[in-house]
1. Could you pull out the residue among 79, 67 that is out of contact with any Asp or Glu (no Cβ under 7 Å at 6 or more places or on another chain) and surrounded by fewer than 22 Cβ atoms within 10 Å (Cβ to Cβ)?
2. Could you grab me the full set of residues in the range 145-180 that are touching a residue at least 40 places away in the same chain (Cβ under 8 Å) and either of a type in the set (Ser, Thr, Tyr) or assigned to a loop (DSSP other than H, G, I, E, B) (or both)?
3. For the range 61-73, which residues satisfy the criterion of being assigned to a loop (DSSP other than H, G, I, E, B) and either farther than 25 Å from residue 44 by Cα or within 11 Å of the ligand (Cβ to nearest atom) (or both)?
4. If I ask for residues that are within 18 Å of residue 136 (Cα to Cα) and of a type in the set (Lys, Arg), which ones from the range 202-257 would you list?
5. Give me a count of the residues in the range 208-233 that are surrounded by 15 or more Cβ atoms within 10 Å (Cβ to Cβ) and farther than 30 Å from residue 190 by Cα.
6. Starting from the range 16-30, keep only residues that are touching a residue at least 12 places away in the same chain (Cβ under 8 Å) and among the basic types (Lys, Arg), then list their pairs with residues that are assigned to a loop (DSSP other than H, G, I, E, B) and surrounded by fewer than 23 Cβ atoms within 10 Å (Cβ to Cβ) whose Cβ atoms are within a distance under 7 Å, requiring at least 6 positions of separation or different chains.
7. Based on what the data block shows, is residue 205 closer than 30 Å to residue 26 by Cβ and open to solvent by 50 Å² or more (accessible area, probe 1.4 Å)?
8. Residue by residue through the range 27-43, note down the ones that are away from the ligand (no atom under 16 Å from the Cβ), crowded, with 20+ Cβ neighbours inside 10 Å and either in a helix (DSSP H, G or I) or not aromatic (Phe, Trp, Tyr) (or both).
Amino acid sequence: MPEVTGRPRVLILGGTSEGRRLAAALASAAGTPYSVISSLAGRTSKPLEIAGDVRIGGFGGTRGLVDYLTAERIDAVVDATHPFAATMTRHAVDAAAQTRTPLLVLRRPGWVEEGGDDWRRVRDLTEAAALLPRLGDRVLLTTGRQGIADFARVEGAWFLSRSVEKPVPPMPRGLETVLDRGPFTLDGERRLFRERAINVLVTKDSGGPAPKLAAARELRIPVIVVDRPPIPPAPAVTTVEEAVEWLKTALPKVARR
Ligand code: NAP
């Protein structure tokens, strides 16, 4: 039920460190001027702690989100989902337009290739799987649990996957798994690459700190980088601080419903 304090109600679509940091920043803002609800899809069994209220589970498509925004009297939405959570972002943009709720996309910048990198950019995981056999046969897959199925049919390669939750079939034969949500260190990444004799890395262009990319550069290991899916046009920022500023300007304009 919506609370009746009159504080503007902000919905953060989360599942990322940015979403968590934004919730913390708003919860600790002087006078706590907002009522904050973070929304998680429910993909991880033990989500990290988040300041403010948390709801878990899908909304039921755009229609469900429209109903939620209306019933909960949400005044502003910050879509802080992962850059590859394109369906959620599309639904958020559509639902915000339909309910005339101000919406901001908070998305960390993508990675940029540096001297010494050996990157191949591909459009999606299917392309990554098709390219893989030409680049190496000892593969570190950091595409997340949901990105493993696309590699199930790749022959002649050994796979080590790293994800927060245990992968489920379909997956490559003989797949080994490291369960780890990070943060990772350059030393740790070097050690992993060396000890497991990794000769190719596959990653989505998630952005954010990535010592795995520095380790691959040092060890001259090729990297397949999956490009971000397109998202619909919407106001967007790349930092939590900018999102806090946006809320200050967006919310006074909101007529209380
Ligand atoms: P997605 O494909 O864009 O979304 C699929 C469905 O999951 C959505 O239609 C929605 O269900 C539900 N959903 C997604 N994010 C939600 C949220 N924050 N709150 C409530 N429902 C949500 O998303 P995804 O790629 O599976 O990612 C799921 C979650 O994991 C996201 O919150 C994302 O931030 C996080 N995450 C994703 C990745 C990645 O690589 N994709 C990596 C790290 C974290 P309904 O249609 O029923 O509303």
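The values are calculated or read from the model by the stated rules, or taken from the named source; none is laboratory data. A quick note: this is a predicted structure, and the numbers were derived from the prediction, not measured. Cβ sites come from the backbone with ideal geometry, for glycine too, and all protein chains shown count toward neighbours. These accessible areas exclude ligands, DNA and RNA; they are computed on the full protein's heavy atoms, side chains included. Shrake-Rupley method; radii C 1.70, N 1.55, O 1.52, S 1.80 Å.
1. 67
2. 164, 165
3. Result: 73, single match.
4. Scanning the range 202-257 gives 204, 212, 217, 220.
5. Adding up the residues that qualify gives 1.
6. Matching pairs, first to second residue: 20/48; 20/50.
7. So residue 205 does not fit the description; no.
8. 35
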